[in-house]
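To start, the structure itself, in structure tokens.
The values are calculated or read from the model by the stated rules, or taken from the named source; none is laboratory data. A quick note: this is a predicted structure, and the numbers were derived from the prediction, not measured. The area values use the complete protein model at the heavy-atom level, side chains included, leaving out ligands, DNA and RNA. Shrake-Rupley method; radii C 1.70, N 1.55, O 1.52, S 1.80 Å.
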Amino acid sequence: MDILLVCLRFPFFSVAKRSYQVRTSFLLPPPSALKGALAKGLILLKPEKYASSSLDEAALKAIKEIESKLVDIKAVSVAPLSPLIRNAFLLKRLRNLESGSNAEKSDAMRREYTFTRELLVAYIFKNLTQEEKNLYLKAAMLIDVIGDTESLATPVWASFVKPEDKKAPLAFSAPYTEIYSLLSSKIQAKGKIRMYIEKMRVSPEYSKTKGPQEEIFYLPIEERRYKRIVYYARTIYPPEVEKALTVDGEVLGIWIPKNSSES
């Protein structure tokens, strides 16, 4: 098993369920957005391989290839001194409606964005060849957007790492149903704890798919306040897990199901 770690730097991002005039953003990008970002890199590297009659079909080919090798996908803030802050503002766009004169029309929409400095994304793969590792590594470094078109992302670095057999506090988001027992034990030991969960898409939605599969994810964050400002940072009450990654000397716990870790 190999984990592709990608450090992404942002000014802000917005990823949400489909909506038009008013949209709230997830605090962390869902798996669907992270898969789509990597798929775009694959298509840019090998356009002839994914050539199709439509962009949706090309993207779907790349997503299916990724999912055939992908065990799981996570995201976590790696800049504890630069927490997550969610804020909304009015976004004004020009839309091209038709050719000819007066083709542009102004449109204003209320959008919510999550402001942060960096996110660490973990793509957990199984049975990759060295050629595939090189390909996915290059694709990761081509990620330029997470979410809508304003959510510009810059890859700072990317690398394949092996998970360590080491107990550590969970730092990455994880499927809620899979870690429920660990969370229950933590609550019993520490008392009342506010848990953050979000229902997010597992795969991108395309015109020829039957609708997005959604799953509830636990986010190891907590709400904090500074005067009138509300922000989100890593929780001090995460459950402990059996696998970990060491990044810049910091040990980050990551949830990997036992049947997956044996692959």
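Figures for the structure shown
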| read-out | value |
| --- | --- |
| Interchain or long-range residues, amide H under 5 Å from Ala88's placed H | Tyr113 |
| Probe 1.4 Å - accessible area at Asp165, Å² to nearest ten | 130 |
| Nearest-10 value in Å² for the accessible area of Lys167, using the 1.4 Å probe | 130 |
| The stretch 118-159 - percent of accessible surface contributed by carbon and sulfur, probe 1.4 Å | 54 |
